[in-house]
Structures are given as structure tokens and as C-alpha cells.
Amino acid sequence: MELSVVKLDGTTGQQLAVSKDVFATAFREPLVHQVVVAYMSGTRSGTSSQKNRSDVSGGGSKPWRQKGTGRARAGTIRSPIWRGGGRAFPATARSYSQKVNRKMYRAALRSILSELIRQERLRVCDEIQVSQPKTKAMADVLAQLGLNGRVLLVTADYDQNVSLSARNLPGVEVVEAAQVNPVSLVGNETVVFTADALRKIEASLQ
């Protein structure tokens, strides 16, 4: 199959031949959902922590004798029902990461990219360049390409000028091809690949 390549001035250039095995697969919604949830879970810090009755300092001695006082028996002043006591069911540090096989991850990316093409949300540009790190320069490039809303720009390699120029533009995200993830692909209205970046993605997903 072939994809149209757009130049920076907005005109249509040559056609780019791509593999059907990568960009024309069926949309597997359950798999995409699983991979997206797993990716987002992996970004959670999981550092929430509270103290139980054994972690709270103090409470080593019995506050009063077992019988004869008329009060309820108590073994420690750090019981969860006491003020200053530990939590009954405290949150503990944990990992939220979920295991996703490499084949599943690649299949999900192929499914997402294919669906983006079917929805006409994926565009290919011959190159994305700005001469100097200026926000206005990147805004002019997006305007020439007719892009608005949430846009993901995917470059073949890290480009400092492009990254710095798009940093202050709301809704614009820049990643290199090696850092493409399912959440960014799904969460943006338009995904723009450079021709070289698309080649890198195609080679990694075959």
C-alpha cells in the first residue's frame, strides 16, 4: 500500500510504499485496551505508604491492667481505634506494572497505526524542521500543514530545535520514533510521521 507524503508547505509530494502487514491490519480493540492500560499502569509511581500498628512509634506497654478498672481491655495505645494509632488497612508501596509480551505490544502498535490510517488521522511529512528553536516557527509549520488540536509529531531522531519549538505549544507533543508508545498514538487527534520515522517504525514492527 502507499501513503501520500506532504511537504512542509502543505503540498502533496510523492507516494510512500509501506507494508500491509504493519499498516493494514485489523483493529483488535481488546488487545489495544490491554496494552494501553498496562502502559499507563507502568507509569504509576506506587509510592503511597501509610503506617500500620506495628510501624507507629510507641505503644510498647499495656496502657492499664487487664481487669478491675471498669474500662475495656487494651493492649497498646497504637491500636487503629486509638487517636495516634496505626491504620487498620494501610496503603503500602507497590508496583502497578503489568506484564505484556513483546509480540502483544507490537501487534497492538500495528493495530493502532492501521486504525489511524483508516480514520485519516495519520499523516506523513517529508520532514519536520525549523532553523532555530522558536515557538512561532513551529506554529507556522503546523499552520502550513493544516494541523490543529492535539498533534503528535514523530521524528526519526531527536531534534533539539523541533522539541524546543513545540514545547510551549498547547496540545503538541514531539517524540522520536524509538519512543513511540500506544498512549500517545491513541490520545492525539492527529499523528504526523516524518518519512524516515515511518520507515523506522515499519522496520521495528515487522
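Any read-out appearing in this document is the output of simple, stated calculations on the displayed coordinates, not a laboratory observation. Worth saying up front: this structure is predicted, and the values here are computed from it rather than measured. Positions of Cβ are generated from backbone atoms using ideal geometry, with glycine treated the same way; all protein chains shown enter the neighbour counts.
At full extension, Glu29 and Gln144 could sit 38.0 nm farther apart than now, given 0.36 nm per residue minus the alpha carbon distance.
Does anyone have the angle between helix 102-118 and the longest principal axis of the chain? Alpha-carbon axes, 0 to 90°, nearest 10? For 102-118 against the chain, the angle is about 50 degrees. Considering only Gln34, Pro90, Thr190, and ranking their Cα positions along the charge dipole of the chain that arises from unit charges at the beta-carbon of Lys, Arg, Asp and Glu, the one farthest toward the positive end is Pro90.
In this Cβ point-charge picture (+1 for Lys and Arg, -1 for Asp and Glu), the range 49-92 has a dipole of about 240 debye about its Cα centre. Bridge orientation summary for the chain: considering DSSP beta bridges with both residues in this region, about 20 percent are antiparallel. Cross-link partners for Lys136 among the lysines, with Cα-Cα distance under 30 Å and sequence neighbours closer than 8 places in the same chain left out: Lys7, Lys200. Across the options Gln206, Gln144, Leu169, the greatest Cα extent toward the positive end of the charge dipole of the range 79-206 (unit charges at beta carbon of Lys, Arg, Asp, Glu) belongs to Gln206. Candidates Asn52, Gly68, Ser79 compared by Cα position along the dipole of the range 49-92: farthest toward the positive end lies Gly68, with charges placed on Cβ. Against the longest alpha carbon principal axis of the chain, how many degrees, from 0 to 90 and to the nearest 10, is the axis of helix 29-42 turned? On a 0 to 90 degree scale, this one is about 60.
Mean residue ellipticity, 222 nm, helices only, the chain: the sum of -39500 (n - 2.57) across DSSP H runs of n ≥ 4, divided by residue count and rounded to 500, is -10000 deg cm²/dmol. Computed about the Cα centre, the dipole magnitude for the chain is approximately 2540 debye when only Lys and Arg (+1) and Asp and Glu (-1) carry charge, each at its Cβ. For the pair Gln129 and Ser79, the difference between a 0.36 nm per residue extended length and the Cα-Cα distance amounts to 11.7 nm. Under a 5 Å amide H cut-off, with hydrogens placed 1.01 Å from N, Cys125 pairs with Val6, Phe193, Thr194, Ala195 among residues at least 5 apart or on other chains. Once the mean of 1/r is taken over each pair of separate Cα atoms and inverted, the range 1-105 shows a Kirkwood hydrodynamic radius of 20.2 Å. Calculated on the Cα set of the range 107-179, radius of gyration then Dmax: 12.7, 38 Å. Here the alpha carbons of the range 49-92 define both size measures, Rg and Dmax, at 11.7, 39 Å.
Any chance you could give the angle, 0 to 90 degrees and rounded to 10, that helix 135-145 forms with the longest Cα principal axis of the chain? So the inclination is approximately 60 degrees.
Projected label points at Met104 and Val183, each 7 Å from Cα along the beta carbon direction, are separated by 1.7 nanometres. Taking the empirical scaling 2.2 N^0.38 Å for compact globular proteins as reference, the range 75-206 has a Cα radius of gyration ratio of 1.56.
Here's the list of aspartates and glutamates a cross-link from Lys99 could span, going by alpha-carbon distance under 19 Å and ignoring same-chain residues fewer than 8 apart: Glu29.
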